[in-house]
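A.B. asks: I'd like to ask some things about the structure below.
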Amino acid sequence: MKILNFGSLNIDKVYQVKDFVRPGETISSKKLEFFCGGKGLNQSIAISRAGAPVYHAGCIGYDGDMLSDALTASHIHTEYLKKLEIPTGHAIIQVSDTGQNCIILFGGANQAITESQIRETLSHFSAGDILLLQNEINHLALLIEQAFEKGMQIYLNPSPVTEQLKEISLDKISCLILNEIEAADLCASEWEKQKLAASSLPESPKECARALHSLYPGLQILLTMGTGGSIFLSGQKFHFQEAFPVNAVDTTAAGDTFTGYFIAAVSRGDTAEAAMEEAAKASAIAVTRAGASASIPLREEVLAWK
């Protein structure tokens, strides 16, 4: 079984601030740092640091060498990564004194993936292989259609929830990995798409997860809730994993760390329960460090932690 992550790569510009900027307000930042990021890159690095081989496909621009170098340094296969003569995707990230973050994305090369690149890349993968996707690249629907036809297992992190996701058939997804905000937004999108009564729209994150699972019974759902832990739904199975308490410094890559560690574990044949526990430990370590990909721990650290 091979793992292919067809995902985004960003240069993260991280501003340390006391509080997030408000509409019409100008504030000073305490510090500016540059990190390798993008949900795709972060999740590939998490998979690799969790001990599983992973191939990363996508696009960088003329200014994106630091990103390809980061993948290579993390022992990630990059033969399906394309370099284009346009700007690389980037993110402007505010990190507050409480460790919370808010993010503005610029797609750049992440939005320049071609149909031919998709078809050529997928030709090297087979039924049963894992395809990991986020919603920070273009042609997401085509990727899912092509991978589904090949019989690949499709893991989707629907972040951010946009109009593009309305083109996606969730019944072709093997596992949906999302957080509380994404669950609420995706439920609202599905309710609109399926013309369901607004009054029946679920309110809590757990209700959203159960509602999506009810609409798509064959879909596995992994819902992360920050300090509230995580839940997993598959058929009649329900499992809750508590979060491990730590002093958070930066939560930027917590979800990506969790996703990567979970996928690496299940690719080794671990149960969902064991995968969630290891992923919860890894993300707990990650939030105690600054940066996105830089904060993701090695599996040796996770196994030795607590």
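A.B. asks: Residue by residue through segment 129-138, which ³J(HN,Hα) values in whole Hz follow from phi under the Karplus form 6.51 cos²θ - 1.76 cosθ + 1.60 (θ = phi - 60°), with glycine and proline marked x?
C.D. replies: Once rounded to whole Hz, the list reads 5, 9, 10, 9, 10, 10, 10, 10, 10, 8.
A.B. asks: Which links in LYS31/LYS306; LYS31/LYS83; LYS172/LYS237; LYS39/LYS83; LYS39/LYS82 stretch past 25 Å when you go from one Cα to the other?
C.D. replies: Values: LYS31/LYS306 32 Å; LYS31/LYS83 30 Å; LYS172/LYS237 20 Å; LYS39/LYS83 18 Å; LYS39/LYS82 17 Å.
Beyond 25 Å between Cα atoms: LYS31/LYS306; LYS31/LYS83.
A.B. asks: OK, next. Compare TRP305, TRP191 by solvent-accessible area with a 1.4 Å probe and give them largest first, with all protein chains kept in place.
C.D. replies: Details: TRP305 55, TRP191 25 Å².
If we order TRP305, TRP191 from most to least accessible, we get TRP305, TRP191.
A.B. asks: To one decimal place, what Kirkwood hydrodynamic radius in Å is obtained for segment 13-133 from all pairs of distinct Cα atoms? Numbers along the way, then the final one.
C.D. replies: Numbers: mean 1/r = 0.0620 Å⁻¹.
Here the Kirkwood hydrodynamic radius works out to 16.1 Å.
A.B. asks: Could you give the size of the charge dipole of segment 212-306 about its Cα centre, using +1 on the Cβ of each K and R and -1 on the Cβ of each D and E, expressed in debye and rounded to the nearest 20? Present the calculation step by step, with values, prior to reporting the outcome.
C.D. replies: Numbers: 6 positive and 9 negative charges, 12 e Å.
Around 60 debye, computed over segment 212-306.
A.B. asks: Quick check on the chain: of the DSSP beta bridges with both residues there, what percent are antiparallel, nearest 5%? List each step's numbers first, then the result.
C.D. replies: Details: 22 of 53 bridges.
Approximately 40 percent, going by the DSSP bridge assignments.
A.B. asks: Further, regarding this structure: Considering amide H positions built from the backbone, and no H for Pro or chain starts, which residues 5 or more places from PHE6, or on another chain, come under 5 Å of its amide H?
C.D. replies: Under 5 Å from the amide H of PHE6: ALA57, LEU132.
A.B. asks: If the cut-off is 19 Å between C-alpha atoms, which aspartates and glutamates fall inside it for LYS13, apart from same-chain ones fewer than 8 positions away?
C.D. replies: Here the aspartates and glutamates satisfying the reach criterion relative to LYS13 are GLU33, ASP63, ASP65, ASP69, ASP97, GLU136, ASP250, ASP256.
A.B. asks: With the contact rule set at Cα under 8 Å and sequence spacing of 6 or more, what percent relative contact order holds for segment 62-197? Let's see the in-between values first.
C.D. replies: On the way: 163 pairs, mean separation 20.8, N = 136.
15 percent.
A.B. asks: Could you do me a favour and compute the accessible area per residue for the chain, 1.4 Å probe, result in Å²? Write down the numbers at each step before the final one.
C.D. replies: Working: 13220 Å² over 306 residues.
Accessible surface, normalised per residue, equals 43 Å².
A.B. asks: Still on this model: Express the relative contact order of segment 142-256 as a whole percentage, based on alpha carbon pairs under 8 Å and six or more residues apart in sequence.
C.D. replies: On the way: 154 pairs, mean separation 22.8, N = 115.
It rounds to 20 percent for segment 142-256.
A.B. asks: Given a Förster radius of 30 Å and the C-beta distance between SER214 and ASP270 as r, what FRET efficiency does 1/(1 + (r/R0)^6) yield to the nearest 0.05?
C.D. replies: According to the calculation, E is roughly 0.65.
A.B. asks: Within 14 Å, Cβ to Cβ, of LEU143, how many net charges do the neighbouring residues add up to if Lys/Arg are +1 and Asp/Glu are -1? Intermediate results must be reported in sequence, preceding the final value.
C.D. replies: On the way: positive: ARG119, LYS150, LYS172; negative: GLU115, GLU120, ASP129, GLU136, GLU145, GLU149, GLU167.
Neighbour charge sum, excluding LEU143 itself: -4.
A.B. asks: If the only charges are +1 at each Lys and Arg Cβ and -1 at each Asp and Glu Cβ, what is the size of the charge dipole of the chain around the Cα centre, to the nearest 20 debye? Could you put the intermediate results ahead of the total?
C.D. replies: Values: 24 positive and 35 negative charges, 54 e Å.
So the dipole magnitude of the chain works out to roughly 260 debye.
A.B. asks: Give me the percent of the accessible area of the chain that comes from carbon and sulfur atoms, probe 1.4 Å, all protein chains in place.
C.D. replies: Details: 6940 of 13220 Å².
The value for the chain is 52 percent carbon and sulfur by accessible area.
A.B. asks: In segment 140-169, whose amide N lies under 11 Å from the spot 7 Å out along Cα-to-Cβ of MET1? List them in ranges.
C.D. replies: Inside the label zone: 153-154.
A.B. asks: Calculate the all-directions average of the projected area of segment 190-269's alpha-carbon convex hull, and give it in nm².
C.D. replies: Numbers: hull surface 27.6 nm².
It is 6.9 nm².
A.B. asks: In percent, what relative contact order does the chain have, based on Cα pairs under 8 Å that are 6 or more apart in sequence?
C.D. replies: Working: 682 pairs, mean separation 53.4, N = 306.
Across the chain, relative contact order equals 17 percent.
A.B. asks: Apply the Debye scattering formula to the chain, with a single equal point scatterer on each alpha-carbon and no solvent, then give log10 I(q)/I(0) at q = 0.09, 0.12 Å⁻¹.
C.D. replies: With one equal scatterer per Cα and no solvent, log10 I(q)/I(0) is -0.41, -0.76.
A.B. asks: Once amide H atoms are built 1.01 Å from N in the peptide plane, which residues 5 or more positions from GLY99, or in another chain, come under 5 Å H to H?
C.D. replies: Answer set, sorted by chain and number: none.
A.B. asks: Cα extents of segment 71-176 along the three principal axes, largest first, in whole Å?
C.D. replies: 46, 32, 26
A.B. asks: If you place +1 on the Cβ of every Lys and Arg, -1 on the Cβ of every Asp and Glu, and leave all else neutral, what size is the dipole of segment 148-278 about its Cα centre, to the nearest 20 Debye?
C.D. replies: Details: 9 positive and 18 negative charges, 84 e Å.
Dipole size: approximately 400 debye.
A.B. asks: As a test question: what accessible area, to the nearest 10 Å², does ARG299 have when a 1.4 Å probe is rolled over all protein chains in place?
C.D. replies: Answer for ARG299: close to 60 Å² accessible.
The values are calculated or read from the model by the stated rules, or taken from the named source; none is laboratory data. From a predicted model like this one, the values you see are computed outputs, not experimental measurements. Heads up, the Cβs are rebuilt from the backbone with ideal geometry, glycines too, and the neighbour counts pull from every protein chain shown. Only protein heavy atoms, including side chains, enter the accessible area calculation; ligands, DNA and RNA are left aside. Shrake-Rupley method; radii C 1.70, N 1.55, O 1.52, S 1.80 Å.
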